[in-house]
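Working notes, beginning with the structure itself.
Please treat every number below as a calculation from the coordinates, not as lab data. None of these values were measured; they are calculated from a predicted model. Quick reminder, even Gly has a Cβ in these numbers, built from the backbone with ideal geometry, and neighbours come from all protein chains shown.
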Amino acid sequence: MSIIDDTTPAPEIVDRDTWLAAREQLLDREKAHTHEGDAIAAARRRLPMAEVPDVGLVGEHGATALLKLFDGRQQLIVYKHMWHDGQPFEGQCEGCTASIWDFQDASYLHARGISFAVLSRGAWEELAPFRAFMGYTHPWFSNREADDPLLGPETEGAYVSLLRRGDRIFATNWITGRGVEAMMSSMALADMTAYGRQEAWEDAPEGWPQDATGAAWITDGRPTPQWSRPGATPVEASAHHHH
């Protein structure tokens, strides 16, 4: 990451009234943005749905059918975590780690009748120790043997929203790309600061610190949140780095 210090270009200094006026002018645009988001969410609630099979997964209790992941609730969101077979913890996807790290507890979803689980094409024998190392509390499952294109191992780094009607399961929404930022509260908080996310794609003033996207996701050769985990030891930078 770029080093930020007292010599780094910074916003213009003005008196407090001038600052507040500029801030309030932007607030109008922010409110319009929020209202458009509400309108899109309203359209999302009107999307049709398509039936998906009750695919077989593997979790901590062995073979598990998708239906079990609902845990008695009517709705389920699954996040599809990428996996690099045979790689050590530090060789796993820093992007997926960044996505899921900020979302550690599904209590508020549960209160609305929504379960949450992680699917990954990794073999359960590899997923289980990784999940334990990271301290994740969400249920994790291997979808390696699932043969549905939406729920199987072909598609990664996405969310699928599911609705249960009795024993039938329907996909109501499918989100990938920038859509997965919904879990990444760190990104939204960084967006509030003077320098933003400090990523190269952002439109920023001349001289603002910017690095390649994902530069903050990896530190000395392993996904950044792994350094706070017990047993994390230094590895050679970039030795197992995946793009």
Next item on the list: Pull out the extension gain between residue 220 and residue 47, defined as 0.36 nm times the separation in residues minus the alpha carbon to alpha carbon distance; nm, one decimal.
Entry: 57.9 nm
Next item on the list: Report the equivalent ellipsoid semi-axes for the stretch 146-243 in whole Å, largest first, defined as the square roots of five times the eigenvalues of the gyration tensor built from alpha carbon atoms.
Entry: 32, 21, 13
Note to self: Quick check: pseudo-label points 7 Å beyond the Cα along Cα→Cβ at residue 148 and residue 190, how many nm apart are they?
What the structure shows: 3.4 nm
Item checked: Rg in Å to one decimal, and Dmax rounded to a whole Å, for the chain via C-alpha atoms -> 20.7, 64
Notebook entry, point to check: For residue 12 and residue 75 in one chain, what is 0.36 nm times their gap in residues minus the Cα-Cα distance, to one decimal in nm?
Noted result: 17.8 nm
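May I ask you to order 92-100, 145-153, 171-179 by the average number of other C-beta atoms within 10 Å around their residues, highest value first?
92-100, 145-153, 171-179
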Margin query: Can you give me the angle between helix 16-44 and the longest principal axis of the chain, using Cα atoms only, in degrees from 0 to 90, rounded to the nearest 10?
Written below: 20 degrees
Notebook entry, point to check: What residues have an amide H closer than 5 Å to that of residue 222, excluding those fewer than 5 places away on the same chain, when H is modeled at 1.01 Å from N in the peptide plane?
Noted result: none
Check: Check residue 84: other-chain or 5+ apart residues with amide H under 5 Å from its amide H, H built from backbone geometry?
Finding: 93
Note to self: Of 221, 188, 155, which is farthest towards the positive pole of the stretch 150-243's charge dipole, taken about the Cα centre with +1 and -1 on the beta-carbons of Lys, Arg and Asp, Glu respectively?
What the structure shows: 155
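Under 1.5 on a/c is rounded, so check that first for the stretch 52-109, then, if it is not, pick prolate when a/b is larger than b/c and oblate when it is not; a ≥ b ≥ c are the square roots of the alpha carbon gyration tensor eigenvalues.
oblate
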Notebook entry, point to check: Projected onto the charge dipole of the chain (+1 at Lys/Arg Cβ, -1 at Asp/Glu Cβ, origin at the Cα centre), which of 200, 3, 132 gives the Cα projection farthest towards the positive end?
Noted result: 132
Notebook entry, point to check: Considering the stretch 119-158, what Rg and Dmax in Å follow from its alpha-carbon atoms?
Noted result: 10.4, 29
